[in-house]
Amino acid sequence: MTFSVGDLFLILPELLVITAACVVLVLDPVLRGPSKDSLVWVSLGTLAICMGLTASQVSGPTAIFSGLVIIDAYGAFWKLLLYFVTGLTILLSYSYLKEERLYFGEYYGFILLALAGMMVMVSADDLLTIYLGTELMSLSLYVMTGLKREEPRSLEASAKYFVLGAFSSGILLYGISLLYGATGSTRLPEIATVIAGQGLSDPLLLFSTILLAVGFGFKLAVVPFHMWTPDVYQGAPTSVTAFMAVASKAASFGAFLRVFIEGLGGLKANWSAIFLLLCIATLLIGNIVALIQTNVKRMLAYSSIAHAGYALIGVVAAGRMEGSSGIASVLLYLALYTFMTFGAFAIVAMLRKGNIEGEEIEDFTGLSKRHPLAALLMLIFMVSLAGIPPTAGFVGKLYIFKSAVEAGMTWLAALGLIFAAISAYFYLRLVMVMYMREPIDHSDTAPHVVMSPTLSIVLACTVAGVVIFGVYPNPLVSFTMQAVLILK
Amino acid sequence: MTVPVSYYLILSAIVFLTGVVGVLIRRNIIAILLSVELMLNATNINFVAFSDHLQDLGGQVFVFFALTVAAAEVAVGLAIIIALHRSSSTINIEEFNLLKW
Amino acid sequence: MTGFPWLTVLIFLPLIGAVVLFTVKDSSVRLVALGITVADLLISLPLWWLFDASSGQMQFVEFARWIPTLSINYKLGLDGISLPLIIMTTVLMPLCVLISWHAIETRVRSFMAMLLIMESAMIGVFCALDFVLFYVFWEAMLIPMYLLIGVWGGPNRIYAAIKFFLYTLAGSVLLLVGILVLYFQGGHTFDILQLSQRSYGEALQIWIFFAFFAAFAVKVPMFPFHTWLPDAHVEAPTAGSVLLASVLLKMGTYGFLRFSLPMLPDASRLFTPLMVALSIVAIIYGAYMALAQADLKKLIAYSSVSHMGFVTLGLFMFNIQGIEGAVMQMVNHGITTGGLFLCVGMIYERTHSRQIADNIGLTKPMPRYATLLVIFALSSLGLPGTNSFVGEFMVLVGTFLWSKIAAALASLGIILAAAYLLWMIQRVAFGIPAAHVLPKLRDLNLREMVTLVPLAVLIFVIGLFPNPVLTRMHMSVEKVIARVIPLPQEETSALNQQVPSSTQQGLTANVDLTISRGTTSSRLADLSTKEHRP
């Protein structure tokens, strides 16, 4: 066991985020009225500092705290993505919480705590730290889901999320314990060494792989472990939904890929068969069930399930080939998915119908007449989610399907593309409702988009990402290539 | 005489499965919460047994963390259940039907 | 090749124009849109004369690295096949703006922006020499067209828009898979010229042929994938119909000619009977359906199915007459059908009906209109002296060389075309109007004359002097044929040895070898075209 003070410098971003979370939680009861806005600026400032720190850490792997945590380009990639999403979430929440009349300073504290958990997840090199990070993230998210305490729907979503989240954590932990028994360590590099020596001779190893796949399957919302997703996404405050759909999925993928590629890389052939089944089921259920949704948040929930399915195509491909281009495509896909999904949720959050959210598809009727800009942005996000060029969604799919073909699974690429064509129907239905139907209701309570400066920033960032990376993805691509180099 | 590690594994498997079945069939959230705790404790049995078997302290360290996290989880869980009980005066999961399961 | 980036300017001028459109005053939106399309036309015209007809190679090539990690490049170029199609597109665009001058009253700005985005994408499709770039332009067209039909279309527009979108999207999903497979089989490149020089196993070719077929056949549309076409045409606003019929359909046949034939020669030969059968069915079925239509737009839509059948028929003859005739017919159909749809749009603005029964006997009130309508209709039925005659005749000659029966069956389509078009003219132009049906109709004003006359002039220019067009495409078509029809064994191996060393040399050798073989056929083509000169 070695511990040096220098290690603390390397986890400075994590420490800063946790400190800021504590500061926000402590200051909240002290501050009154408008001065609570300062909590927002404290949070955003912390993120900016962390972004600078992490950006300077994009370097070769350094294992610290006797291998519990590793600082490398892979972790830095996810962390930068998570800062970005968290920043957007805070900006969106600033407007959203005002509209919802939710005045909780803790809210920002919980966002930062969840972020800290995610940061630990993506830079953990030991199953223990991965578990701790996952729990810190999940516990914060359970609370944030139930934040609208006046609304039974929100509490119900929170309870459901909690029950299934705790259940999946239990399964994950059981898998970890079996893996520990089979390999004698919880550290990923040591697990990899043992597996490289013995292969799949131990039945415990197979069990633990399956249990870990199930545990992560819940976190990633992969069919058949997706049941919580639509309910929780619908019930939670929309800003939290956006955060969950993007950040928690990204962090879970970050930890998941590290465990399965770095730790269980020797069992590639075995787990890629498992994920192939999950992937097909996810694409099927996600895209088909989304067709019949009438609530936009539920529709986007199924869409996010389906997108996890596309990312899994890349994972399966990565398991079937040498080289790291498969994993790079997954990273790229999730980064691009971030922009379009967050943008879509941001517009849903700010579409107000009187005092409540307009979250039914019907509420978008004729939006292009009442708010042309919001409708145009939603159009761009939907087109991107459907994967039509020249948007980010197309670039992501291009790389994913290219990996599948490279791994010799042309049929999987064809299947994915067929589902992409099916998904275009429900994305385009929203476009149709916005552009081709006349507004029904002309009164004051008619659904309208509440614009605010912070929302404008959020939308500008997301739409810029969708369009710019759709045309010129090179910087992001080379970053992902660099990030996955160490996962060998 | 030492007990072979497989005995512990079978015990923990039984406890774990009891927990899983409990989560799936019980309708009272408190009972579900207890079942989740059973699952976590099955894990702890595993860790301690393996730790002893492998002569490695890492497993026992893990148990400490798992216990702590479980405690935090229960705290958050009970808080949510209380809030839920206040708003709908029931903790039977079948009566929560605002959202489709 | 360095120099002025003609093609980039040509592609992106309308796109920039679409953005500029949102900054100008409401009153000048139409004028600005017209100005941009005319500017694009003026930029495209010099290409016609700068183009070197004695070369079958890509000209005006532009190259820039785009996504190096996948070796995707921004590569553009023109050959004799794409040049006429691009000019046709740029000629039609100002006309589309003009026809929408008063027809579109709501959200004019967005409408014009959509037209301009469409123009960018359409020109891009014909210029792209990188497969991913091609796919980007190809798909980018879907959303503007979806909105054009869905927002500004007729009463049943939503159904038509979604049908159009899903059909074409479903068709093109497999195209991307085919492209990716070719990327790995063809040496990790998306370069269309390089991919066209490799040889692939026959089984692979068959799979990819089907993947491409799904995309292109839906777009053409070939029988039995044509059902989206009548709906889309009937519901789309006039400008949308014109773009759909004149340009979008050509993208399908262009795809066959640019990709399926040169990249998959073995599979193309193998499936020739199938393609010929589908083409002939389309020719006859489309014409037969057109006979039964009471709606003018539907009539023209089905006539498009029939005419596009000639194009696919000619393409799969693999001889110089067939393919040159097909390219000719692509341009001609664009001009003629575009003109017909413009005519229908004009009469709809006046009588608010597209039913033949509601528009009878227009010669009296609208002599100018009737004259032009007759010209377009006669061109559509392939009257000698008009452009369509040249194309259809060449296709038939090409078909005749392959199979007399097929040529005879295809000729049936021309007879049926004469039937439905003459019957339509007889009623619409020369029928006896019921007095109460037609109020006093205003004849074409200056704007409308400016819209129609250029197309009418083109009909006769191409009909009487087709050679400028034919000579420009000749070398490019020869190149395609050289790929599809295998050369004698020793020449093939000599060619294959040269190709990897230097692309340029390989191309030249390719052309040299085929010229000696192509002389007889090209002379025949010359003869066939000279016959119709006055």
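The values are calculated or read from the model by the stated rules, or taken from the named source; none is laboratory data. All values reported here derive from a predicted model rather than from experimental measurement. Note that each Cβ is placed from the backbone with ideal geometry, even for glycine, and that neighbours are counted across all protein chains shown.
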**Fill in**
Selection over region C:337-355 where residues are in contact with a helix residue (DSSP H, G or I) (Cβ under 7 Å, 6 or more places away or on another chain) and part of a helix (DSSP H, G or I) yields a count of 12
**Request:** Kindly provide the set of residues from region A:464-488 that are farther than 24 Å from A:Ser59 by Cα, surrounded by 16 or more Cβ atoms within 10 Å (Cβ to Cβ) and either more than 13 Å from every other protein chain (Cβ to nearest Cβ) or touching a strand residue (DSSP E or B) at 6+ places or on another chain (Cβ under 8 Å) (or both), ordered by number.
**Result:** A:Gly465, A:Val466
**Message:** Give all pairs with beta carbons closer than 9 Å in which a residue from region A:18-29 that is within 10 Å of A:Ala116 (Cβ to Cβ) meets a residue that is of a type in the set (Phe, Trp, Tyr); count only pairs at least 6 apart in sequence or on separate chains.
**Reply:** A:Ala20/A:Tyr108; A:Ala21/A:Tyr108; A:Ala21/A:Phe110
**Asked** Quick one: A:Leu102 ticks every box in (1) in a loop (DSSP other than H, G, I, E, B); (2) over 24 Å from A:Leu351 (Cα atoms) bar one, so which box is it?
**Response** (2)
**Asked** All but one of (1) at pLDDT below 90; (2) surrounded by fewer than 13 Cβ atoms within 10 Å (Cβ to Cβ) hold for A:Val40; which doesn't?
**Response** (2)
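Are there helices (runs of 4 or more DSSP H) fully within region A:365-446 with at least 2 residues that are facing another protein chain (nearest Cβ under 8 Å) and touching a residue at least 60 places away in the same chain (Cβ under 8 Å)? List them.
A:392-406, A:410-436
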**Message:** When you scan region C:273-287, do you find a residue that is more than 16 Å from the chain's Cα centre (by Cα), surrounded by fewer than 24 Cβ atoms within 10 Å (Cβ to Cβ) and in a loop (DSSP other than H, G, I, E, B), even just one?
**Reply:** no
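Just to be sure before I move on: is A:Ser324 polar (S, T, N, Q), closer than 25 Å to A:Met118 by Cβ, at pLDDT below 95 and more than 16 Å from the chain's Cα centre (by Cα) in the structure I sent?
yes
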**Message:** So in region A:189-204, with the set limited to residues that are under 28 Å from the mean Cα position of the chain (by Cα) and of a type in the set (A, V, I, L, M), which one is surrounded by the most Cβ atoms within 10 Å (Cβ to Cβ)?
**Reply:** A:Ile191
**Prompt:** Is there a residue in region C:64-80 that is farther than 20 Å from C:Val132 by Cβ, at pLDDT 85 or above and not charged (D, E, K, R)?
**Reply:** yes
**Item:** Residue list for region C:335-357, filter: in contact with a Leu (Cβ under 8 Å, 6 or more places away or on another chain) and charged (D, E, K, R)
**Value:** C:Arg350, C:Arg354
**Asked** Quick one: would you say A:Leu200 is in a helix (DSSP H, G or I) and either closer than 20 Å to A:Thr86 by Cα or aliphatic (A, V, I, L, M) (or both)?
**Response** no
**Item:** Residue identified as assigned to a loop (DSSP other than H, G, I, E, B) and buried (at least 24 other Cβ atoms within 10 Å of the Cβ) among A:Val240, A:Val222
**Value:** A:Val222
**Asked** Does region C:178-189 include one or more residues that are more than 16 Å from A:Leu417 (Cβ to Cβ), crowded, with 22+ Cβ neighbours inside 10 Å and out of contact with any helix residue (DSSP H, G or I) (no Cβ under 6 Å at 6 or more places or on another chain)?
**Response** no
**Request:** Just need a number here: residues in region C:173-215 that are part of a helix (DSSP H, G or I), touching a residue at least 24 places away in the same chain (Cβ under 8 Å) and polar (S, T, N, Q).
**Result:** 2
**Request:** Spot the failing condition for A:Tyr96; the list is (1) surrounded by fewer than 22 Cβ atoms within 10 Å (Cβ to Cβ); (2) over 19 Å from the mean Cα position of the chain (by Cα); (3) assigned to a helix (DSSP H, G or I), and only one is missed.
**Result:** (1)
**Prompt:** In the set A:Leu141, A:Leu172, A:Leu147, which member is in contact with a helix residue (DSSP H, G or I) (Cβ under 8 Å, 6 or more places away or on another chain), farther than 21 Å from A:Glu357 by Cβ and more than 9 Å from chain B (Cβ to nearest Cβ)?
**Reply:** A:Leu172
**Request:** For residues that are of a type in the set (Gly, Ala, Ser) and surrounded by fewer than 23 Cβ atoms within 10 Å (Cβ to Cβ), scanning just region A:349-401, find the one that is modelled with the lowest pLDDT.
**Result:** A:Gly354
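Consider C:Ile158 carefully, then state whether it is on the phi < 0 side of the Ramachandran plot, surrounded by fewer than 22 Cβ atoms within 10 Å (Cβ to Cβ) and either facing chain A (nearest Cβ under 10 Å) or at pLDDT 90 or above (or both).
Answer is yes for this residue.
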**Asked** Quick one: in region C:163-177, which of the residues that are among the aliphatic types (A, V, I, L, M) and surrounded by fewer than 22 Cβ atoms within 10 Å (Cβ to Cβ) is nearest to the other protein chains (Cβ to nearest Cβ)?
**Response** C:Ala170
**Fill in**
Restricted to region B:1-35 and to residues being in contact with a Lys or Arg (Cβ under 9 Å, 6 or more places away or on another chain) and at the interface with chain A (Cβ under 9 Å from one of its Cβ atoms), the residue farthest from B:Ser88 (Cα to Cα) is B:Ser35
**Asked** Has region A:240-259 got any residue that is at pLDDT below 90 and more than 25 Å from A:Gly358 (Cβ to Cβ)?
**Response** no
**Message:** Is it the case, given these coordinates, that A:Lys160 is within 26 Å of the chain's Cα centre (by Cα), in contact (Cβ under 8 Å) with a residue 60 or more places away in the chain and within 9 Å of chain B (Cβ to nearest Cβ)?
**Reply:** yes
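Is it fair to say C:Leu147 is buried (at least 24 other Cβ atoms within 10 Å of the Cβ) and either away from chain A (no Cβ under 14 Å) or hydrophobic (A, V, I, L, M, F, W, C) (or both)? First the steps, then the outcome.
Working: buried (at least 24 other Cβ atoms within 10 Å of the Cβ): yes; either away from chain A (no Cβ under 14 Å) or hydrophobic (A, V, I, L, M, F, W, C) (or both): yes.
Against the criterion (buried (at least 24 other Cβ atoms within 10 Å of the Cβ) and either away from chain A (no Cβ under 14 Å) or hydrophobic (A, V, I, L, M, F, W, C) (or both)), C:Leu147 qualifies.
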**Prompt:** Residues in region A:331-345: is at least one surrounded by fewer than 21 Cβ atoms within 10 Å (Cβ to Cβ), under 25 Å from the mean Cα position of the chain (by Cα) and within 30 Å of A:Glu150 (Cα to Cα)?
**Reply:** no
**Message:** I need a count of the residues in region A:153-170 that are of a type in the set (A, V, I, L, M, F, W, C) and over 24 Å from A:Ile130 (Cβ atoms).
**Reply:** 3
**Request:** Quick one: which residue in B:Val76, B:Val69, B:Val63 is more than 9 Å from chain A (Cβ to nearest Cβ) and within 18 Å of the chain's Cα centre (by Cα)?
**Result:** B:Val63
**Item:** Selection within region B:45-58 - in contact (Cβ under 8 Å) with a residue 24 or more places away in the chain and at the interface with chain A (Cβ under 8 Å from one of its Cβ atoms)
**Value:** B:Asn46, B:Ala49, B:Phe50, B:His53
**Request:** Provide a single number: the residues in region A:280-334 that are in contact with a Pro (Cβ under 9 Å, 6 or more places away or on another chain) and farther than 30 Å from A:Arg153 by Cβ.
**Result:** 1
